[in-house]
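Report on one structure; see the data block that follows.
The values are calculated or read from the model by the stated rules, or taken from the named source; none is laboratory data. This is a predicted model, so every value here is computed, not measured. For neighbour counting, all protein chains shown are included, and Cβ atoms are generated from backbone atoms with ideal geometry for every residue, glycine included.
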Amino acid sequence: MSLRIGAKALAHMHTELGLAYPEEGCGVLLGRDVDAAREVLRAVALVNTLDDAKHRRYTISPDQFLAAERSAREAGLDVVGFFHSHPDHPARPSAFDLEHAWPWYSYVIVSVTHGRAADTTSWRLRDDRAAFEPETIETLREPEALARDGA
């Protein structure tokens, strides 16, 4: 399956993760599954609620997740994944990422170097939870996203 991200959502994600540097930034991806692809129309930045080690890990509070789900439903979308940064590290899942991930969702990881997005990858946890599989990322042209959104 491929992940198609709206250009504005991708730019917003990169900006927010750059602002979080040198800590890990995080957020949720709002969109829908369309045919054999997943479309992300909005990226919503959230607060990394981890008390310590924010420079190499993140957590999202249950309240933030529930609010994001409510917002998605109101917009006719779903929470289809999560995004976070790896400050000054490659955009590959860590052991912590593997341990805390859920199957079905897309996990976008952005390598942020000196406050700037350097590389963006996406991953899906296998159903057996043993490993992540890479997802192809495509940029979704905004007119396509708006047409599907009914705007």
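Screening 111, 94, 2 for residues that are hydroxyl-bearing (Ser, Thr, Tyr), out of contact with any Leu (no Cβ under 6 Å at 6 or more places or on another chain) and modelled with pLDDT under 95 leaves exactly one candidate, 2.
Looking across region 80-114, the residues that are in contact (Cβ under 8 Å) with a residue 60 or more places away in the chain and of a type in the set (A, V, I, L, M) come down to 108, 110, 112.
Please count how many residues of region 1-25 are in a strand (DSSP E or B) and either aliphatic (A, V, I, L, M) or closer than 16 Å to residue 72 by Cβ (or both). Total meeting the criteria: 3. Output the number of the condition that residue 144 fails; it satisfies all remaining conditions of (1) at pLDDT below 95; (2) assigned to a strand (DSSP E or B). Single failed check for residue 144: (2). Looking at 63, 78, just one residue is under 19 Å from residue 1 (Cα atoms), of a type in the set (D, E, K, R) and modelled with pLDDT of 95 or more, and that residue is 78. Does residue 67 satisfy the criteria of being outside any loop (DSSP other than H, G, I, E, B), of a type in the set (Gly, Ala, Ser) and out of contact with any strand residue (DSSP E or B) (no Cβ under 8 Å at 6 or more places or on another chain)? In short, yes. If you go through region 15-34 and keep only what is buried (at least 22 other Cβ atoms within 10 Å of the Cβ) and of a type in the set (Val, Ile, Thr), you end up with just 28. Within region 59-79, residues that are closer than 15 Å to residue 43 by Cβ have Cβ atoms under 8 Å from residues that are assigned to a helix (DSSP H, G or I) in these pairs: 78/72; 79/65; 79/68; 79/69; 79/72, counting only partners at least 6 apart in sequence or on another chain. Scanning region 35-58 for residues that are surrounded by fewer than 18 Cβ atoms within 10 Å (Cβ to Cβ) and under 14 Å from the mean Cα position of the chain (by Cα), we see that the one that is farthest from residue 84 (Cα to Cα) is 47.
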